[in-house]
Amino acid sequence: MPSCLKCGTALAVNEEGVAPVLCDRCAGVATGRARRAMAMGGLATYPATTLLMAISIIAFIVDFVPGIDLKSLGVNSGPLTLSGEYWRLFTAGFLHANILHIGLNMWCLWSLGRLSERLFGKWQTVAIYMITGVGGALLSIAYDHQRSELGASGAIFGLVGAVLAGVKFGNLEIPEGEKRAIFSSVVFFAIFNFMFGMRGNTDNMCHLGGFVTGLLVGLPLSAFARNHKVWQLATLIVTSMIVAAGATELVQQEGPEAEKTAAAIAWRQKNYAKAVHLLEKYTVARPEDDDGLVFLGEAYWNNKEPDKAIAALEQAIRVNPNSQDAKQDLEQMRSQLAPAEKK
């Protein structure tokens with residue numbers, strides 16, 4: 001007599017001599033699990049979305065550990081990012097200000113991430129998230145060089161753009177009715193959140209940057225469908241290169257001023273070595289700025305490098321013979337060095 005593959009219970013044979021694979025109890029359990037997985041979307045079913053959420057949640061928790069300040073290390077701050085701390089373009093998308101901020105973003109990511117995995121695939125979803133997150137972060141600081149931003153919303157809007165482009169124009173193997181339903185719901189989400197972003201302390205430029213980047217990557221990515229992985233990879237690489245080119249142009253235009261501002265931040269933190277490093281780069285890019293040379297001389301002095309400090313101030317006077325700040329600093333430094341030299 002046949003038995004249940006799960007528990008071994010004897011199974012009855014029907015009139016045609018056929019028996020089920022599972023008994024009623026085991027079949028009921030399996031069906032219940034399948035229904036729950038479909039309703040809840042099972043974490044294991046969507047590993048990319050689960051991974052992205054886990055990183056954000058872990059970062060949020062770790063930030064409460066005494067002595068650890070991930071926000072200071074990873075927030076996308078215009079002066080710091082443009083002066084060379086480029087990792088902030090990536091890390092800002094995994095940091096959040098408070099429990100409400102992360103709660104709303106994780107809810108949106110859970111909904112859109114699962115949809116993206118269905119349409120594009122797992123590693124493709126991670127790539128879309130990272131690329132569009134950088135696109136949003138770039139537009140944010142391009143619009144306001146002094147701005148600081150954090151949160152997953154730029155990348156979430158990137159998923160919105162990619163899904164919209166994919167559903168509307170891509171060659172995706174899903175029913176037309178489902179396409180229309182997805183498109184209308186995602187359009188509503190985008191419009192509502194863009195309008196909501198016009199109020200309060202919300203960075204809509206980051207949202208817009210992520211959304212546009214998502215549109216750029218979503219159309220070709222979906223056009224190649226999920227059975228053309230090489231072309232999908234090529235699409236993501238090309239989009240990454242476009243984003244990188246934009247970042248390079250922004251750094252070339254705004255990098256020197258960002259270095260000067262970042263040096264002022266380091267000065268306030270009494271990190272004179274970092275201030276010296278940034279001002280050395282700045283004065284190479286802006287050798288005609290006597291104020292920058294004076295600033296560099298003062299940073300050298302506080303960093304216990306008096307010879308370099310005097311040389312920088314002398315250079316400032318050569319650039320601008322009327323620089324009173326350079327003359328005053330130079331006189332003070334030489335007077336303080338004189339007693340030591342006599343000894």
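The values are calculated or read from the model by the stated rules, or taken from the named source; none is laboratory data. The model shown is predicted, which means the values in this text are computed figures rather than measured ones. Note: ideal-geometry Cβ built from the backbone for every residue, glycine included; neighbour counts use all protein chains shown. Just the protein is used for accessible areas: all its heavy atoms, side chains included, with ligands, DNA and RNA removed. Shrake-Rupley method; radii C 1.70, N 1.55, O 1.52, S 1.80 Å.
The figures follow:
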{"read-out": "Residue that is modelled with the lowest pLDDT [pool: residues in the range 184-207 that are open to solvent by 70 Å² or more (accessible area, probe 1.4 Å) and part of a helix (DSSP H, G or I)]", "value": "Phe196"}
{"read-out": "Residue check for Ser222: out of contact with any Lys or Arg (no Cβ under 7 Å at 6 or more places or on another chain) and more than 30 Å from Asn98 (Cβ to Cβ)", "value": "yes"}
{"read-out": "Where a residue in the range 242-253 is of a type in the set (Val, Ile, Thr) and its partner, wherever it lies, is open to solvent by 60 Å² or more (accessible area, probe 1.4 Å), with Cβ under 8 Å and at least six apart", "value": "Ile242/Leu216"}
{"read-out": "Qualifying residue in the range 100-121 (condition: surrounded by fewer than 24 Cβ atoms within 10 Å (Cβ to Cβ), part of a helix (DSSP H, G or I) and acidic (Asp, Glu))", "value": "yes"}
{"read-out": "Residues (touching a residue at least 24 places away in the same chain (Cβ under 8 Å) and either over 22 Å from Ala311 (Cα atoms) or surrounded by 16 or more Cβ atoms within 10 Å (Cβ to Cβ) (or both)) located in the range 271-285", "value": "Tyr272, Ala275, Val276, Leu278, Lys281, Tyr282, Thr283"}
{"read-out": "Restricting the range 310-335 to residues that are touching a residue at least 24 places away in the same chain (Cβ under 8 Å) and either in contact with a strand residue (DSSP E or B) (Cβ under 7 Å, 6 or more places away or on another chain) or outside any helix (DSSP H, G or I) (or both), the residue that is farthest from Glu298 (Cα to Cα)", "value": "Asn320"}
{"read-out": "Residue, surrounded by the most Cβ atoms within 10 Å (Cβ to Cβ), within the range 211-239, restricted to residues that are hydroxyl-bearing (Ser, Thr, Tyr) and modelled with pLDDT under 90", "value": "Ser222"}
{"read-out": "Qualifying residue in the range 122-144 (condition: modelled with pLDDT under 90 and either within 15 Å of the chain's Cα centre (by Cα) or not in a helix (DSSP H, G or I) (or both))", "value": "no"}
{"read-out": "Positions within the range 245-259 being within 19 Å of the chain's Cα centre (by Cα) and exposed (fewer than 14 other Cβ atoms within 10 Å of the Cβ), in sequence order", "value": "Ala245, Thr248, Glu249"}
{"read-out": "Residue match in the range 160-179 (condition: open to solvent by less than 10 Å² (accessible area, probe 1.4 Å) and within 13 Å of Met53 (Cβ to Cβ))", "value": "no"}
{"read-out": "Enumerated helices (runs of 4 or more DSSP H) restricted to the range 48-96, each holding at least 2 residues that are open to solvent by less than 20 Å² (accessible area, probe 1.4 Å) and touching a residue at least 60 places away in the same chain (Cβ under 8 Å)", "value": "78-82"}
{"read-out": "Some residue of the range 154-176 being on the phi > 0 side of the Ramachandran plot, in a loop (DSSP other than H, G, I, E, B) and at pLDDT below 95", "value": "no"}
{"read-out": "Residue satisfying all of: in the range 23-47; over 30 Å from Ala127 (Cβ atoms) and at pLDDT 60 or above; surrounded by the most Cβ atoms within 10 Å (Cβ to Cβ) among these", "value": "Cys23"}
{"read-out": "Whichever residue in the range 126-146 is touching a Ser or Thr at 6+ places or on another chain (Cβ under 8 Å) and of a type in the set (S, T, N, Q) and, among such residues, is surrounded by the most Cβ atoms within 10 Å (Cβ to Cβ)", "value": "Thr132"}
{"read-out": "The one condition in (1) out of contact with any Ser or Thr (no Cβ under 8 Å at 6 or more places or on another chain); (2) farther than 28 Å from Leu164 by Cα that His101 fails to fulfil", "value": "(2)"}
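Condition check ((1) β-branched (Val, Ile, Thr); (2) closer than 17 Å to Gly78 by Cβ) across all residues:
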{"residue": "Gly246", "(1), (2)": "no, yes"}
{"residue": "Thr261", "(1), (2)": "yes, yes"}
{"residue": "Ala266", "(1), (2)": "no, yes"}
{"residue": "Lys270", "(1), (2)": "no, no"}
{"residue": "Val276", "(1), (2)": "yes, no"}
{"residue": "Lys281", "(1), (2)": "no, yes"}
